[in-house]
Amino acid sequence: MSCARPNPTAAPATATLRQCLAGRDRNTMLANKECQAALEVLQESPLYDCRCKRGMKKELQCLQIYWSIHLGLTEGEEFYEASPYEPVTARLSDIFRLASIFSGTGADPAVSTKSNHCLDAAKACNLNDNCKKLRSSYISICNREISPTERCNRRKCHKALRQFFDRVPSEYTYRMLFCSCQDQACAERRRQTILPSCSYEDKEKPNCLDLRSLCRTDHLCRSRLADFHANCRASYQTLTSCPTDNYQACLGSYAGMIGFDITPNYVDSSPTGIVVSPWCSCRGSGNMEEECEKFLKDFTENPCLRNAIQAFGNGTDVNLSPKSPPFQATQAPRVDKTPSLPDDLSDSTSLGTSVISTCTSVQDQGLKANNSKELSMCFTELTTNIIPGSKRVIKPNSGPRRTRPSAALTAASFLMLKLAL
């Protein structure tokens, strides 16, 4: 259910808990009996499992309720936080088919390599009224210089970017953001999509953990970052390195962070290597350097995100293939009966046919049956079979302990040898 849906039973507890969390840490909050009682009420209410939908009308209100509940339950700051958004079940198959037209997949390779797919994406946006309007708006705002020392109003630029990526269908925004490139001019246009001089770059790079802490003070930014980690965190248990092999979820989460302090972008104009990162570094991390590097590598060295961007640009979608069937024990191949066998012979009589074919070969070769060597050969090949009614296999080279054949088998063997004379 949505966290923004009216819930008269839990509303008083929600309001109380929001007040309890304002300016207090968790331990201080729980020391207050009224705050603790409100938290217990919410844990037992349907709101405990509520989620929000990105771009919904009351998104901020929904997220405020979600974090009021879950921050009260969290002991300390977690590295990866659960996403407050509903899971993405849609796939990119339709968008990928459209993207393949622009990326040249299946077209003449000579034409495909010469085409600037990012320029084609911008032209496609201009043919859609909504896309053209919101794109023109953020370009105008992000390029507007405030003063000689202030190149733009970053806050307004971020807001305009958020409106573009939240309100324009992804079949347009993804083409501009994840277009495939064969040359540096195309890759630079892709990097310039979000007007990085205003929305991304700054005079100095802050520490990544400081940037993350700043992001987590804002409910929207915190939610988008948590959603990115939930959908793009590298997984080595899946085919694509993405959770549930869902490229749509990862690309949507990445685009959802644009327009916040944590905004990511391409680090250079390389057409071959895809590396994205927030505008931050791990300098000055002290004893938190390992955690900082881990956070940064979720962007710069993330196989899930890289595969998703490349797959979109190539117009391919491995998600369309059916999931592997559950593991089943391998069954031994069925051995058909030899056509020459009589119909009334069952599998249990196969030993007899082996005895006949092995021992009658003595007659075919004209060997003397009373020769001990030939007799031994006949017995040896006979005893390599499984005795009917037993699971033991009698091995010929088992030395003095070799099991002697049964009386019935011995009699049958001498009978066959006698007939061979």
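Please report the accessible area of Thr217 (heavy atoms, 1.4 Å probe, ligands and nucleic acids excluded) in Å², nearest 10.
Roll a 1.4 Å probe over it and Thr217 shows about 110 Å².
At 1.4 Å probe size, put Ser136, Ser223, Ser269 in order of accessible surface, largest to smallest.
Reading off the accessible areas and sorting them downward yields Ser136, Ser269, Ser223.
So, by mean Cβ neighbours within 10 angstrom, what's the order for 116-127, 157-168 with the highest one leading?
Answer by packing, highest mean first, reads 157-168, 116-127.
Could you tell me which of the pairs Lys133/Lys156; Lys57/Lys132; Lys159/Lys297; Lys58/Lys159; Lys53/Lys297 are separated by over 18 angstrom between their Cα atoms in the structure shown? The partial results should precede the final answer.
Working: Lys133/Lys156 16 Å; Lys57/Lys132 22 Å; Lys159/Lys297 27 Å; Lys58/Lys159 16 Å; Lys53/Lys297 27 Å.
Exceeds cut-off: Lys57/Lys132; Lys159/Lys297; Lys53/Lys297.
Could you tell me the calculated FRET efficiency between Ala11 and Ala31, based on Cβ-Cβ distance and R0 = 35 angstrom, to the nearest 0.05?
My answer for the efficiency is 0.90.
Could you check the simple spin-label distance between Asn314 and Glu188, using points 7 Å along Cα→Cβ, in nm with one decimal?
So the label points at Asn314 and Glu188 sit 2.7 nm apart.
With a 1.4 Å probe and every protein chain left in place, tell me how much accessible area Cys62 has, in Å² to the nearest 10.
Rounded to the nearest 10, that gives 0 Å².
Would you calculate the separation in nanometres between label points at Gln43 and Thr272, each defined as 7 Å from the Cα along the Cα-to-beta-carbon direction?
Placing both labels 7 Å along Cα→Cβ, they lie 5.6 nm apart.
Scan the stretch 132-197 for GluC sites (Glu not before Pro) in coil per DSSP, keeping those whose Cβ has at most 14 other Cβ atoms within 10 Å, and list them by number.
Here the GluC sites (Glu not before Pro) that fit, given the DSSP loop and packing criteria, are Glu145, Glu150.
Compute the length gained on full extension between Gln19 and Leu127: take 0.36 nm times their separation in residues and subtract their Cα-Cα distance, giving the result in nm to one decimal. Intermediate results must be reported in sequence, preceding the final value.
Values: separation 108, 0.36 × 108 = 38.88 nm, distance 4.81 nm.
Separation in residues times 0.36 nm, less the Cα-Cα distance, equals 34.1 nm.
Starting from the 7 Å offset along Cα-to-Cβ, what nm value, one decimal, do you get for the label separation of Glu290 and Met56?
Simple spin-label model gives 3.9 nm for this pair.
The values are calculated or read from the model by the stated rules, or taken from the named source; none is laboratory data. Keep in mind the model is a prediction, meaning the values are calculated, not measured. Every residue, glycine as well, gets a Cβ built from its backbone with ideal geometry; the counts of neighbours run over all protein chains shown. The accessibility values were calculated without ligands, DNA or RNA, using every heavy atom of the protein model including side chains. Shrake-Rupley method; radii C 1.70, N 1.55, O 1.52, S 1.80 Å.
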